[in-house]
Every structure is written in C-alpha cells, then in structure tokens.
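Before any comments, here is the structure.
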C-alpha cells in the first residue's frame with residue numbers, strides 16, 4: 001500500500017493509539033504542545049520543516065509564543081494516510097529533542 005493511500009477508519013484508530021499526543025479533527029490529526037521557550041519552539045519548527053521537505057509532506061503549523069499547533073492531512077488523498085502518522089512521529093521526536 002502506498003504511504004499516500006487513504007487509511008480506513010480502523011487503521012486511523014489503530015494509528016492514533018500509537019500517537020497518544022495526537023487527536024482526530026475531521027480529516028486531520030492535530031497536536032498542540034508547548035516548547036520550553038520561544039527559541040525552542042522555533043527549533044522544533046525548523047526540525048519539522050526539514051523532515052517535511054524530505055518527506056514532501058507539509059503540515060499546517062500555528063506558532064503562538066512557545067505553543068505550537070500542528071495539523072496533518074493528505075489533501076491529495078482526501079484524508080489521512082500513513083504519511084501523516086509518519087510525520088507525526090517526526091514532530092514528536094522534535095519535541096522530545098527540545099524537552100531533554
């Protein structure tokens with residue numbers, strides 16, 4: 001199966017179980033989290049930008065001081081794909097790198 005193939009509801013439920021920081025919002029998965037400070041938030045965004053470029057899959061990002069909100073969806077597939085959950089994992093890694 002292609003990483004850009006739309007997931008079934010059961011596949012989405014299973015994938016979300018492995019990403020407890022994320023929740024479903026319609027055809028997207030979302031995560032809001034605080035970085036330790038504003039420079040750390042920008043480092044998270046920079047790390048995510050590099051991963052997103054490498055994956056050719058780009059999240060919606062909202063930056064409010066040290067609070068970051070990410071929304072992921074594969075618009076070309078009309079919903080969620082494995083690519084969204086892979087990028088969610090990279091976002092989680094970027095937060096972990098700044099937290100410790």
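No value in this document is a laboratory result; all are computed from the given coordinates. Bear in mind the structure is a predicted one, so any value in this text is a computation, not a measurement. All Cβ positions, even for glycine, are placed from backbone atoms using ideal geometry, and neighbour counts span all protein chains on display.
Against the chain, whose longest principal axis comes from its Cα atoms, helix 38-55 is set at around 30 degrees.
When peptides 75-86, 5-16 are ranked by their average number of other Cβ atoms within 10 Å per residue, the highest-first order is 75-86, 5-16.
Annotation for segment 75-100 versus segment 14-60: alpha-carbon center distance of 5 Å. For the chain, the longest principal axis of the Cα atoms and the long axis of helix 82-99 meet at an angle of about 20 degrees.
Within segment 23-78, the proportion of C-alpha pairs whose separation exceeds 15 Å stands at 50%. With contributions of -39500 (n - 2.57) from each DSSP H run of at least four residues, the per-residue ellipticity at 222 nm computed over the chain stands at -14500 deg cm²/dmol. Dividing the mean sequence gap of close Cα pairs (under 8 Å, 6+ apart) by how many residues the chain holds gives a relative contact order of 37 percent.
Expressed per residue, the C-alpha convex hull volume of the chain stands at 88 Å³.
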